[in-house]
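Take a look at the structure below.
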Amino acid sequence: MKASYSRPIGMFDSGFGGLTVARAVIDLLPNEDLVYIGDTARYPYGPKPASDVRGFAIELATSLVRDFDAKLIVVACNTAASVALDELQQSLSVPVIGVVDPGARALVRATKNNRVAVIGTVGTISSLAYETAIARASLEISRPISLTAAACPGFVEFVERNETSGDAVTQLAEKLLAPIRDADVDALLLGCTHYPYLSDVIARVMGAEVKIINSADSTATVVHEALLQNEIARSSEPSRISAHDFYSSGDIEHFAKLGQRFLGPELVVARRWPK
Ligand code: DGL
């Protein structure tokens, strides 16, 4: 068995969204190996019942530990983290990090007027996970925070189709973000890991006075802290090139092609999951 520190970080999402978190983790932790699974055969998770999403999350996380020997799991999907994080943390033998708390903390730190918004999938918003996370984060900064949350059904499908700009997605954004614009917030969290790919459209609709926050960088920081705390961080070996492996439960050629556009050059091939 490999020494703990040399095992990869495991990460999953319903599709391409978690690649926003993968990018931040690769940039912050260049020595670490990474195994990413995009469950594109079963995306989108957002409209599915919580019990189905919980089942997918358990299957994916268990596979990352059992089949890939992951030393830490990142649930790079708000929908899955909202309904399955506690259970995964209790049942797995390795640390499990979600995206909801890191995002909530980044959001409350960004607001000046104490009025914030979160957008996410129907599953994430209806789980009320952000109400809990923002309440927790506002205690840390000792300031009451008012939260407006809105589900944005349809955004994920635009990303998965690689339609990240244009009239159709802009019109949908104008409609779905109207309640957020009316709420006088000064910071908006992209509470779905797919949404950073729509951040130009979202920023334009919201206007320059609203800061757009995503959870990728703050999640990468929490991953770093957890690796250090558990003494499983991989130290630098100058001549070694880190391994980044990508798997998809759907069309692996499409995953490699579009995934490379989203993530960058580390994604060359995608392999089939389950193996
Ligand atoms: N990227 C995901 C999230 O953060 C899931 C989107 C979906 O599959 O609906 O919620």
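The condition of being of a type outside the set (D, E, K, R), touching a Leu at 6+ places or on another chain (Cβ under 6 Å) and in contact (Cβ under 8 Å) with a residue 12 or more places away in the chain holds for only one of Gly103, Gly123, that being Gly103.
For residues that are of a type in the set (Val, Ile, Thr) and closer than 16 Å to Thr148 by Cβ, scanning just the range 173-209, find the one that is nearest to the ligand (Cβ to nearest atom).
Here the answer is Ile202.
For the range 245-261, the criterion of being touching a Leu at 6+ places or on another chain (Cβ under 8 Å), surrounded by fewer than 22 Cβ atoms within 10 Å (Cβ to Cβ) and among the acidic types (Asp, Glu) is met by at least one residue.
For the range 65-80, the condition of being farther than 17 Å from Thr219 by Cβ and either in contact with a strand residue (DSSP E or B) (Cβ under 8 Å, 6 or more places away or on another chain) or at pLDDT below 95 (or both) holds for at least one residue. For the range 175-229, the set of residues classified as in contact (Cβ under 8 Å) with a residue 40 or more places away in the chain and on the phi > 0 side of the Ramachandran plot consists of Asp184 only.
Restricting to the range 95-122, and then to whatever is assigned to a loop (DSSP other than H, G, I, E, B) and of a type outside the set (S, T, N, Q), can you tell me which residue is farthest from the ligand (Cβ to nearest atom)?
Out of the qualifying residues, it is Lys112.
Answer with yes or no whether Leu19 is in contact with a helix residue (DSSP H, G or I) (Cβ under 9 Å, 6 or more places away or on another chain), within 13 Å of Leu64 (Cα to Cα) and not charged (D, E, K, R). No: the conditions fail for Leu19.
The residues on offer are Ile119, Ile125, and the sole one that is among the aliphatic types (A, V, I, L, M), modelled with pLDDT of 95 or more, under 18 Å from Ser14 (Cα atoms) and touching a Gly at 6+ places or on another chain (Cβ under 7 Å) is Ile119.
Of the helices (runs of 4 or more DSSP H) entirely within the range 181-275, those holding at least 2 residues that are modelled with pLDDT of 95 or more and farther than 26 Å from Gln89 by Cβ occupy 199-206, 252-263.
Table: residues versus (1) among the aromatic types (Phe, Trp, Tyr); (2) surrounded by fewer than 24 Cβ atoms within 10 Å (Cβ to Cβ); (3) not in a loop (DSSP other than H, G, I, E, B).
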{"position": "Ser93", "(1), (2), (3)": "no, yes, no"}
{"position": "Thr124", "(1), (2), (3)": "no, no, yes"}
{"position": "Ala135", "(1), (2), (3)": "no, yes, yes"}
{"position": "Thr164", "(1), (2), (3)": "no, yes, no"}
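Exactly one residue out of Val74, Val65, Val53, Val83 is away from the ligand (no atom under 16 Å from the Cβ) and either surrounded by 24 or more Cβ atoms within 10 Å (Cβ to Cβ) or part of a helix (DSSP H, G or I) (or both), and it is Val65. Mind listing whichever residues of the range 105-148 are touching a Ser or Thr at 6+ places or on another chain (Cβ under 7 Å) and on the phi > 0 side of the Ramachandran plot? Correct list: Asn114 only.
The values are calculated or read from the model by the stated rules, or taken from the named source; none is laboratory data. The structure presented is a predicted model; accordingly, all values stated were derived computationally and were not measured. So basically every Cβ, Gly included, is an ideal-geometry build from the backbone, and we count neighbours across all protein chains shown.
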